[in-house]
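Asks: Have a look at the structure that comes next, please.
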Amino acid sequence: MAGTNVVYRVMTVDDIPMVQLVERKCFTTPWSRNIFISEVTRNDNAIYIVAVVGERIVGYAGIWIILDEGHITNIAVDPAFQRQGIGQGLLDVLTHAAVQRGVIAMTLEVRVSNTGAQALYSKLGFVPNGIRKQYYQDDKEDALIMWRELGAEWTSTGNRNEL
């Protein structure tokens with residue numbers, strides 16, 4: 001399993017070119033370099049984590065901290081590395097970092113057609129809590145809103161690395 005050889009760490013500006021490669025493989029409307037630079041250097045309410053195998057960034061995830069809530073902005077794993085525990089590892093490390101900043105609940109949007117991601121989020125304690133109609137700009141697909149309340153059992157994985 002690739003999850004045992006993955007290093008999770010905070011994203012830097014130098015990581016952005018490799019993050020964009022993952023982004024382009026996973027999303028039809030990828031974020032620009034400037035958006036990532038702004039998120040990493042100017043957004044004090046953001047946390048971005050990368051997953052690294054060897055010298056290669058194979059995934060990343062981000063969250064905005066808004067008071068005591070965390071809004072997951074993006075999570076992506078290179079398709080060649082999916083279903084190996086990396087997405088779960090990213091969410092676990094991101095959750096740990098968010099909890100340290102006082103977050104007690106997390107939310108995200110996921111395409112209604114992305115049943116694989118929904119299954120992972122459900123496994124991690126996220127529950128459906130609404131629909132955002134025509135949320136995605138590329139094809140006007142609806143987004144399922146999911147929430148996770150964080151308690152003493154906020155993590156469910158044994159593959160957590162401290163930041």
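The values are calculated or read from the model by the stated rules, or taken from the named source; none is laboratory data. Values in this document were obtained by computation on a predicted structure and should not be read as measured data. Ideal geometry is used to build each Cβ from the backbone, glycine not excepted, and the neighbour counts take in all protein chains shown.
Asks: So if I check each of 141, 109, 149, which one is modelled with pLDDT of 85 or more, of a type in the set (D, E, K, R) and surrounded by 18 or more Cβ atoms within 10 Å (Cβ to Cβ)?
Replies: On the way: 141 fails: surrounded by 18 or more Cβ atoms within 10 Å (Cβ to Cβ); 149 fails: surrounded by 18 or more Cβ atoms within 10 Å (Cβ to Cβ).
Testing whether each residue is modelled with pLDDT of 85 or more, of a type in the set (D, E, K, R) and surrounded by 18 or more Cβ atoms within 10 Å (Cβ to Cβ) leaves just 109.
Asks: Restricting region 17-63 to residues that are among the hydroxyl-bearing types (Ser, Thr, Tyr) and modelled with pLDDT of 95 or more, which is farthest from residue 5 (Cα to Cα)?
Replies: Initially, region 17-63 is screened for residues among the hydroxyl-bearing types (Ser, Thr, Tyr), giving 28-29, 32, 38, 41, 48, 60.
Now restrict to residues that are modelled with pLDDT of 95 or more: 38, 41, 48, 60.
Details: 38: 30, 41: 28, 48: 20, 60: 15 Å.
Among those that are among the hydroxyl-bearing types (Ser, Thr, Tyr) and modelled with pLDDT of 95 or more, it is 38.
Asks: Considering each residue of region 102-127, count those that are part of a loop (DSSP other than H, G, I, E, B), under 20 Å from residue 46 (Cα atoms) and among the small types (Gly, Ala, Ser), and give that number.
Replies: Adding up the residues that qualify gives 1.
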